[in-house]
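Notes to accompany the following structure.
Derivation of every value follows stated rules applied to the coordinates shown; laboratory data play no part. Predicted model only: the values in this text are computed from it and were never measured. Cβ placement follows ideal geometry from the backbone for every residue including glycine, while neighbour counts extend to all protein chains displayed.
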Amino acid sequence: MAAAHRTVALALAVLAPAGAAFAQGTPTPAMAPGSTSAGDQAVWRRCAALSDDNQARLACFDQWAGQQAWQSPAATAAAASAVPTPVDTTLPATRIIEVARTEGCRDPQYSDLSRFWELESGSDCGTFSFRGYRPITVSVAAGSNVNRQPTSGADGNSATESTPYRRTENRIQLSVRTKVAQGLLTQGHPTLKDSVWFGYTQQSYWQLFTPELSRPFRTTDHEPEVMYVYPTDAKLPFGWRWRYSGIGLVHQSNGQSKPLSRSWNRAYLMTGLELGNDINVRARLWKRIPESSGSDDNPGISDYMGRAELAAFWNYDKDNSVGATMRHSLANSDRGSLRLEWLQTLGAGFLGSKSNLRLHTQLFSGYGDSMIDYNRKRTVFSLGLSLVDF
């Protein structure tokens with residue numbers, strides 16, 4: 001064995017000078033120019049200079065080789081070409097995405113206004129699907145008075161007899177809408193979407209507690225409308241955001257014949273602001289479309305039911321929201337109305353989502369709680385159940 005070791009050492013000693021000369025004359029791939037650092041080249045030269053001591057020279061090269069981390073040329077090229085794709089900073093960032101979702105208008109990562117009007121691609125639920133508009137409500141309503149003999153300033157539109165209605169009634173409201181078109185003026189925008197909607201609201205006062213009159217419906221109002229919504233997203237002072245603006249046409253009537261017929265048509269402008277997802281403010285300003293004196297069932301209705309509306313809602317916590325809606329005539333008279341609301345979530349939704357059922361408490365005071373009461377002031381307290389946000 002000792003003889004074998006001496007033979008191998010002698011062979012390495014003989015070959016070492018040739019190897020050193022070859023290394024100096026023709027660099028190996030590891031030492032090719034541009035492939036090693038200046039420090040590696042200095043070590044290589046220092047080891048090659050130990051020509052008088054073959055064992056020391058081999059030990060020097062072995063030590064240097066052991067410190068190198070070999071990598072294939074293909075892997076090196078792949079690493080060099082793996083450049084991250086730059087982020088397009090020109091696209092608007094409208095929210096922080098926590099988890100990839102496909103819930104659209106039901107995605108809680110978006111604000112209430114964004115989901116309600118489907119202002120962004122991520123909060124879009126498509127066209128021709130039914131959604132809630134105003135709350136769908138069944139409640140018990142107690143009024144300070146009840147209109148037993150409705151009157152109007154138009155000839156032939158005042159009741160000639162009094163009906164003994166009770167002040168406590170059942171109030172029912174149905175309200176739905178559907179998006180009929182989108183992307184009309186925002187085509188090509190990466191996130192924002194405008195839209196056209198058709199909505200319908202029906203509100204009834206049912207004399208459920210008046211069996212002596214066979215429990216009739218005292219009045220039912222019908223309100224179809226069409227509206228266009230544009231996502232005018234802009235940052236405002238103090239953290240507010242201007243989320244949308246729009247226009248609309250609305251017809252409202254009670255479907256009665258004379259002397260109880262009441263109706264009017266309006267064109268309106270609307271807009272909405274929000275502060276985070278805690279507070280949102282919505283406003284409408286409208287103009288009544290004129291009618292001839294012969295077809296006007298309720299002259300002067302704008303002086304009672306108002307010409308503008310301002311609504312503000314505050315999400316106190318995840319289960320409670322409070323709101324106020326004020327209407328004003330914007331004229332010499334101070335007529336109008338104020339409605340205060342408290343909505344409290346009941347139960348749990350499907351698969352852990354938030355329930356759409358609310359305990360709905362309302363207090364209304366003023367004119368126009370219904371079309372038949374357009375010129376009669378009263379205060380109404382109601383308590384019931386509502387479906388919202390579907």
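Chymotrypsin sites (Phe, Trp or Tyr not before Pro) within the stretch 204-290: which are DSSP loop residues with at most 15 other Cβ atoms inside 10 Å?
Of the chymotrypsin sites (Phe, Trp or Tyr not before Pro), the ones in loops of the stretch 204-290 whose Cβ has at most 15 other Cβ atoms within 10 Å are F209.
How far apart, in nm, are two points set 7 Å out from the Cα along the Cα-to-Cβ line at F238 and at A312?
According to this spin-label approximation, the distance is 0.9 nm.
Normalised by the residues of the stretch 336-390, what does the relative contact order come to in percent, with Cα pairs under 8 Å and at least six apart?
34
Given bins 5 angstrom wide, list per bin the percent of all Cα-Cα distances in the stretch 253-381, short to long.
With 5 Å bins starting at 0, P(r) equals 2, 10, 15, 17, 17, 14, 10, 7, 4, 2, 1, 0.
Count charges around L249 for me, please; just the other residues with Cβ under 9 Å from its Cβ, Lys/Arg as +1, Asp/Glu as -1.
0
Please report the equivalent ellipsoid semi-axes of the stretch 339-381, computed as sqrt(5 x eigenvalue) of the Cα gyration tensor, largest first, in whole Å.
Ellipsoid semi-axes (Å, largest first): 33, 10, 6.
Pairs of lysines 8 or more apart, or on different chains, with alpha carbons under 25 Å: count those in the stretch 244-390, would you?
Lysine pairs satisfying the spacing and distance rule in the stretch 244-390 number 4.
Which three extents, in whole angstrom, do the alpha-carbon atoms of the stretch 233-290 cover along their principal axes, largest first?
For the stretch 233-290, the Cα spread along each principal axis is 52, 22, 12 Å.
Starting from the amide H of E120, placed 1.01 Å from N in the peptide plane, find each other amide H under 5 Å away whose residue is 5 or more places distant or on another chain.
When sequence neighbours closer than 5 places are left aside, the close amide H contacts are K193.
Give the lysines reachable from K193 as a straight Cα distance under 20 Å; neighbours fewer than 8 places away on the same chain don't count.
K179, K235
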